[in-house]
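Shown next, in structure tokens, is the structure this report addresses.
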Amino acid sequence: ALRKPPAKVPKGRNEIMLREYRVIHALNGTDVPHPEGIAVCEDTSVLGSCFYIMGHIDGFTPMGELPEPFRSSPELRADMAYQLVDGIARLGQVDWRAAGLEGFGKPEGFLDRQVDRWLAHLEKIKFRDLPGLPEASDWLRAHTPKQFTPGIIHGDYQFANVMFHHGDKAKLAAIVDWEMATVGDPLLDLAWILMSWPNPDEDRSDTGYVDFSGMPSREELMHCYADRSELPVDEMDYYIVLARFKMACVLEAGYARYVSGGADNPKMAMFGDVVLDMASKAQQLAQSSSLQATA
């Protein structure tokens, strides 16, 4: 399969192509499901941009109506959720230095940089106030974990960015779309899943593109991740607040482009309300969390 930017190459996209290829090629030979990195071309005169060739994945992405037997089986959907978590548990355990990813990210001080980095990103395009975000940012600064075990993180880990094998068993076929990958704190990938994950006793009728009926709770997914990754999840409130905070900042940039007329995708209009919801939920969890502030 060929992966390349659109014909009109956005600024920085060639560099993103090269980073994507570097990480999937580094994962070749590991137990992390991913498209094989086969070849890369940095010469933009060939196709008008950098591009790479990756292995073809025969599977499906669980967006919209699921294929059978997953559509009619709550048990298989539960297995899909555990497989989703297993993918990042495996990813976070990869020896990133041995895989040739030294310098791919800056794990030292990774968490300490997050709030300022995303607020600076937001400041460049700010056109409205986002209630809850200042309170969430203050709480994050006060509750930043003192240490973590660095690992490869996908950066946008969710059902939309994985593929499953066809058949009668839930088995992850590949993690795809690595454009936000880096070396940092793997627990942020877990938080990316959990930040909008509904518990069984919550309303699951309006949760986007995935049928969550029959799927496990947030707590069950946390325990699954802890068992398979051997990483602690006792400070997960911090990571979920950070994930919601980061999501609000990222989507606000897209919404700002839409409002200013710089983006013609009408779907970006919905980002406006999503940003406000994420900022509000980040503040709500920060206020209700029992985590103690770090010294």
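The values are calculated or read from the model by the stated rules, or taken from the named source; none is laboratory data. This is a predicted model, so every value here is computed, not measured. A quick note on method: Cβ atoms are made from the backbone with ideal geometry, for glycine too, and the neighbour counts reach across all protein chains shown. In case anyone asks, the SASA skips ligands and DNA or RNA and just uses the protein heavy atoms, side chains included. Shrake-Rupley method; radii C 1.70, N 1.55, O 1.52, S 1.80 Å.
Quick look at the numbers
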item: Debye, to nearest 20: dipole size of the stretch 122-227, +1 on Lys, Arg Cβ, -1 on Asp, Glu Cβ; result: 320
item: Positive-end residue of Ser49, Met278, Met17, charge dipole of the chain with Cβ unit charges; result: Ser49
item: Note, ³J(HN,Hα) from phi for the stretch 266-277, Karplus 6.51, -1.76, 1.60, rounded to Hz, x at Gly and Pro; result: x, 5, 5, 4, 6, 4, x, 6, 4, 4, 4, 5
item: Carbon plus sulfur fraction of accessible area for the stretch 224-267, probe 1.4 Å, in percent; result: 45
item: Vicinal HN-Hα couplings computed from phi for the stretch 281-288 (Karplus, 6.51 cos²θ - 1.76 cosθ + 1.60; Hz; Gly/Pro x); result: 5, 4, 5, 4, 5, 4, 6, 8
item: Label-point separation in nm, Tyr209 to Ser290, each point 7 Å along Cα→Cβ; result: 3.7
item: Vicinal HN-Hα couplings computed from phi for the stretch 182-191 (Karplus, 6.51 cos²θ - 1.76 cosθ + 1.60; Hz; Gly/Pro x); result: 6, 10, x, 9, x, 5, 5, 5, 5, 5
item: Cα-centred dipole magnitude for the stretch 199-295, charges only on beta-carbon of K, R (+1) and D, E (-1), debye, nearest 20; result: 460
item: Mean Cα-pair separation over length for the stretch 198-251, i.e. relative contact order, pairs under 8 Å, 6 or more apart, %; result: 23
item: Distance from the stretch 140-178 to the stretch 209-245 (C-alpha centre basis), Å; result: 11
item: 222 nm mean residue ellipticity, helices alone, for the chain (DSSP H n ≥ 4; -39,500 (n - 2.57); rounded to 500); result: -13500 deg cm²/dmol
item: Ratio Rg/Rh, restricted to the stretch 171-258 and using Cα atoms, in which Rh is the Kirkwood radius; result: 0.98
item: Cα gyration tensor shape of the stretch 77-119, rounded if a/c is under 1.5, else prolate or oblate by comparing a/b with b/c; result: oblate
item: The chain, relative contact order [Cα under 8 Å, separation at least 6], %; result: 22
item: Given charges at beta-carbon only (K, R positive; D, E negative), |dipole| of the chain in Debye; result: 1000
item: Amide H within-cut-off set for Ala173, under 5 Å, with H built and near neighbours excluded; result: Met163, Phe164, His165
item: Whether the stretch 97-171 is rounded, prolate or oblate, judged on the alpha carbon gyration tensor where a/c under 1.5 counts as rounded; result: oblate
item: Size-normalised alpha-carbon gyration radius of the chain, reference 2.2 N^0.38 Å; result: 1.00
item: Cα-projected label distance for Lys124 with Lys267, points at 7 Å along beta-carbon direction, nm; result: 2.3
item: Extension gain (nm, one decimal) between Glu102 and Glu68, 0.36 nm per residue minus Cα-Cα; result: 8.0 nm
item: Among 286-294, 174-182, 125-133, the order from most to least packed when residues are scored by Cβ within 10 Å on average; result: 174-182, 125-133, 286-294
item: Sequence-separation-based contact order of the stretch 138-295, relative, with Cα cut under 8 Å and 6+ spacing, percent; result: 24
item: Surface/4 estimate of mean projected area, convex hull on alpha-carbon atoms of the stretch 144-295, nm²; result: 11.0
item: Against the rule of thumb 2.2 N^0.38 Å, how large the Cα Rg of the stretch 1-43 comes out; result: 1.24
item: Percent of Cα-Cα distances greater than 13 Å, calculated over the stretch 27-83; result: 73
item: Gyration tensor (alpha-carbon) shape descriptor, the stretch 27-145, a/c threshold 1.5; result: oblate
item: Heavy-atom accessible area per residue - the stretch 86-160, 1.4 Å, Å²; result: 52
